[in-house]
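Have a look at the structure below, then the notes.
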Amino acid sequence: MQDVEFEVFKTKSEEDKYKKFDLTDSAQRKEYFEYKAGPEIAKLKDYLKDNTFIVYLLGKKSSGKGTYAKMLKEVVAPDKIEHLSIGDMIRSFDEVLRDPVKKEELIEFLKQKYRGPMPLQDIIKSMEERSTKVLLPSELILALTEREITKMGKKAISLDGFPRDLDQVSYSLFFKNLIDYRQDPDIFVMIDVPTNIIDQRVKTRVICPLCNTSRSLKLLPTKKIEYEEKDRTFHLICDNPACTGARMVTKEGDENGIEPIRARLDKDEVLMGQIFKMHGISKVFLRNSIPVNQVKEYTDDYEITPEYSYSWNEKTHSVELSERPWEVKDDKGQTCNSLMPPPVVVSLIKQLVAALGL
Ligand SMILES: [Zn+2]
C-alpha cells in the first residue's frame, strides 16, 4: 500500500549461518518451519485443542491469501483449521443450482436465513446466469458463509474474501457473534504485496490444460522443462502427481497483467486502508517484499524468491537452469526482493501467537 508501511519482519536465523532449506520441497519445508517457528507452532497446536479463532485475510486480489492460509493450516493443524474462500464458495453454487434437489435445499435455506433488499428470485436468477453485472448482496454472502461454517463444526477459520466491500467491514466486526464464536478471538491479517509483483505473477503464469495447476516459467517452474527448437522457447511440463502431465500454457488475457483488474485492486486498497484505521481489533501485518538493502539483515538467502532463466545445452541435449534473486520495484519505486511463501507464514505464525496472547 502506498500510504501505510508495514514493518519488515525478521526471519533470519542467528544460530547457524550455513543451514539451508529448499522451500519448494515439502519435507524440507516441514523442517524449516520446525527450525524457525517450532515453539510457536507447538503453542498454536495446544491452543487449538480446546479453542478456535477467526482470521480475516485481507490483501489485494492475487496477493497470495489462499497460499498463506493453506500453508498455515498444513503446518499448524490440518484438522483444526479450515480455510474458506468466499470466491470458491460462490463458484461452487454453479453445481448446486444445476442439481434440482440441492437447488431446492438452497432456496429453502435462503428463505429462512436471507434478509435483504434484493428479491430472492432475482438473486437466484443472477447466480444461475453467472452474471457479474449484479453484485451479490452482502446479506446473502453473510447467510451463505454462516451456512458453510456451521457445516464445518467448530474449527478455527481463515476467511478469504470477506470483508470484500466497505459495507462488509462493519458486518465483519460482529461476524463472530453471528456464527456463535463469541468468546473466540478474531484477527485481521493484512497482506501487503507490491502491485508489480502481482502484475509479473499474472503475466508469467502458465496453467496445465488438463488439471489447471498454476506455475510460472520465470518464478515457479516445474521439475520438467521442454525446449522447442523451432522457435527456441522453453515450456513447463505439469508435474502434479495426480496429472498425466502436459505442456503448460498461458491463459488468454494473462499477458495484460493487472490491467483488467486494476479497478478491483484500487478498491482492495481502499478497503485495507479502512481496516488499518479501525480501533479495537487485533491486526497482523504481512509483507511479501523487502527492500534489497535490508535483505541481508532480515532474511536468509534461501527465503528470497528466485528468478529463473533457461538455456539449451547442445552437447548434453538438456535444458540448463540458472537462478538469481528476483528484483522488482515496490509501489514507492524502491528495488525489492520478494519473499517465498514460507517465511511470510513464519511471520504469520509468530504474530498470531502474540495476538492470541499465548
Ligand atoms: Zn496437470
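Per-structure values
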item	result
For the range 217-358, size of Cβ-based charge dipole, Lys and Arg +1, Asp and Glu -1, in debye	500 debye
Ranked order, Asp99, Asp79 - accessible area, probe 1.4 Å, largest first	Asp79, Asp99
Computed FRET value (nearest 0.05) for Glu108 with Val270, which takes r as the C-beta separation and R₀ as 56 Å	0.95
Lys/Arg +1, Asp/Glu -1 at C-beta; the range 238-358 dipole; positive extreme among Gly280, Cys243, Pro325	Gly280
Ranked order, Val189, Val270, Val101, Val75 - accessible area, probe 1.4 Å, largest first	Val101, Val270, Val75, Val189
Rounded to 5, the percent of DSSP beta bridges in the chain classed as antiparallel	55 percent
Full-extension gain in nm, Asp165 to Tyr310, via 0.36 nm per residue minus C-alpha separation	48.0 nm
Cysteines (scope the chain) whose Cβ has no counterpart Cys Cβ under 4.7 Å	Cys336
Accessible heavy-atom area order of Phe234, Phe188, highest first, probe of 1.4 Å	Phe234, Phe188
Trypsin sites (Lys or Arg not before Pro) restricted to the range 256-285 and DSSP loop, no more than 13 other C-beta within 10 Å	Lys277
For the range 170-256: accessible area per residue (Å², 1.4 Å)	55 Å²
Cα lying deepest toward the dipole's positive end in the chain, options Asn212, Ile258, Ile225, charges on Cβ	Asn212
Heavy atoms of Lys296: accessible area, 1.4 Å probe, square angstrom to 10	140 Å²
Accessible area per residue, Å², the range 309-358 with all protein chains present, probe 1.4 Å	50 Å²
Candidates Thr250, Thr233, Thr305: whichever shows maximal mean-square fluctuation once the chain is modelled as a Gaussian network with Cα springs under 10 Å	Thr233
Interchain or long-range residues, amide H under 5 Å from Ser282's placed H	Phe188
Whole-number Å³ per residue for the convex hull built on Cα positions in the range 87-163	100 Å³
Anchor Lys17: lysines whose Cα lies under 17 Å away (excluding residues fewer than 8 positions away in-chain)	Lys36, Lys296
The range 231-358, relative contact order in percent, only Cα pairs under 8 angstrom and at least six apart counted	22 percent
Helical segments meeting 15 Å axial Cα length and Kyte-Doolittle 1.0 threshold in the chain (DSSP H)	341-355
Accessible surface of the range 188-230 [probe 1.4 Å, protein heavy atoms]: carbon and sulfur percent	48 percent
Relative contact order (%) - criterion: Cα under 8 Å, at least six apart; region: the chain	25 percent
Whether the range 163-204 is rounded, prolate or oblate, judged on the alpha carbon gyration tensor where a/c under 1.5 counts as rounded	prolate
For the chain, alpha-carbon Rg relative to the globular expectation (2.2 N^0.38 Å, N residues)	1.06
Nearby aspartates and glutamates by direct alpha-carbon distance to Lys12 (threshold 13 angstrom, same-chain neighbours under 8 apart not counted)	Glu297, Asp300, Asp301, Glu303
Residue-averaged 222 nm ellipticity for the chain, from DSSP H runs of 4+ at -39500 (n - 2.57), nearest 500	-13000 deg cm²/dmol
Reachable lysines from Lys277, criterion Cα separation under 23 angstrom, eight or more residues apart if same chain	Lys60, Lys61, Lys65, Lys176, Lys267, Lys332, Lys350
Rounded accessible area per residue of the range 74-128, 1.4 Å, Å²	61 Å²
Percentage, to the nearest whole number, of Cα pairs in the range 199-358 over 26 Å apart	44 percent
Overall form of the range 242-330 per C-alpha gyration tensor (a/c, 1.5; a/b vs b/c)	oblate
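The values are calculated or read from the model by the stated rules, or taken from the named source; none is laboratory data. Because the structure is a prediction, the values reported are computed rather than measured. Cβ coordinates were reconstructed from backbone atoms using ideal geometry, including for glycine residues, and neighbour counts include every protein chain displayed. These area figures cover heavy atoms from the full protein model, side chains too; ligands, DNA and RNA do not enter into them. Shrake-Rupley method; radii C 1.70, N 1.55, O 1.52, S 1.80 Å.
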